[in-house]
Amino acid sequence: MQLSDLHNKSFGNNNNRLVKKIIGENPDIIVMTGDMVNAKDNDFEVFINLAEQISKSFDVYYIVGNHEQDLNEDKRKILMDKLSEIGIRVLDNEKVTISRGAESINLYGLWFNLRYYKDLKNEYTKDVFFGTKQIQSILGDLDTDSYNILLTHNPLYADTYSNWGADLTLSGHIHGGMIRIPFVGGLLSPEREFFPEYDAGKYQVNGKILIVNRGLGNGDFGIRVFNPPEISVIMLSN
């Protein structure tokens with residue numbers, strides 16, 4: 001199960017509606033692909049309460065999004081320490097191997113510098129590109145004998161992820177385009193791009209799979225139209 005972009009939103013008292021839905025699906029693992037809090041939050045009580053509840057029953061893996069990266073250093077450390085304390089595995093540009101019997105899956109967690117986010121407010125970002133050279137310098141080469149899942153908040157560099165070799169990439173960030181136009185798709189990305197290429201759902205990119213979660217919260221824009229909150233339940237099969 002993939003959860004993304006909660007932005008400290010609560011679905012019912014103590015997020016009981018969301019927790020009930022998660023428990024009902026009974027996933028093997030849960031992955032969180034960033035922006036579970038807001039950069040301007042003074043506390044993380046809503047998210048931590050959710051994390052504590054689900055970590056009691058499930059193995060949970062977490063990567064930061066741009067909002068966590070925008071937290072000041074002290075706040076970010078408090079959040080990361082608390083998640084580790086309750087048993088959630090924070091993947092900090094690293095790999096874990098999940099084994100079942102004789103088979104295994106590699107799970108990579110990637111974040112990169114905010115200069116690679118193409119927010120037009122940041123003029124200095126326009127000429128940078130996150131390519132295969134950059135991802136290899138962070139995560140190294142893949143073990144191609146195993147199935148490889150990449151968790152990374154921003155789907156912008158889908159070609160890079162697939163060319164690097166990730167069999168399945170799980171992202172969020174785009175919020176489904178905030179406003180979804182029937183038969184067209186999402187209107188606007190957080191990076192002020194109209195009709196983003198990867199806004200929501202499942203894509204084939206260079207023979208690999210990308211899934212972009214529409215997220216649970218509203219983020220900076222505070223609006224969702226024809227765009228209900230989403231959790232992704234993904235079944236892997238031979």
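The values are calculated or read from the model by the stated rules, or taken from the named source; none is laboratory data. Computed from a predicted structure; not experimentally measured. Note: ideal-geometry Cβ built from the backbone for every residue, glycine included; neighbour counts use all protein chains shown. The area values use the complete protein model at the heavy-atom level, side chains included, leaving out ligands, DNA and RNA. Shrake-Rupley method; radii C 1.70, N 1.55, O 1.52, S 1.80 Å.
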(request) Could you run through the range 84-95 and say how many residues are surrounded by 14 or more Cβ atoms within 10 Å (Cβ to Cβ) and over 16 Å from the mean Cα position of the chain (by Cα)? (result) 1
(request) Kindly establish whether G131 is over 16 Å from I209 (Cα atoms), open to solvent by less than 30 Å² (accessible area, probe 1.4 Å) and touching a helix residue (DSSP H, G or I) at 6+ places or on another chain (Cβ under 7 Å). (result) yes
(request) Select, from V46, V19, V31, V60, the only residue that is farther than 27 Å from Q136 by Cβ and either touching a Phe, Trp or Tyr at 6+ places or on another chain (Cβ under 8 Å) or outside any helix (DSSP H, G or I) (or both). (result) V60
(request) State whether one or more residues within the range 224-236 are closer than 18 Å to T152 by Cβ, surrounded by 12 or more Cβ atoms within 10 Å (Cβ to Cβ) and touching a Phe, Trp or Tyr at 6+ places or on another chain (Cβ under 9 Å). (result) no
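Would you point out which residue out of I209, I138 is in a strand (DSSP E or B) and either among the polar types (S, T, N, Q) or in contact (Cβ under 8 Å) with a residue 40 or more places away in the chain (or both)? Spell out the reasoning first.
Working: I138 fails: in a strand (DSSP E or B).
Answer to the check: I209.
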(request) Would you be able to say whether some residue in the range 162-177 is open to solvent by less than 50 Å² (accessible area, probe 1.4 Å), free of Cβ contacts under 8 Å to residues at least 60 places away in the same chain, part of a loop (DSSP other than H, G, I, E, B) and out of contact with any Asp or Glu (no Cβ under 9 Å at 6 or more places or on another chain)? (result) yes
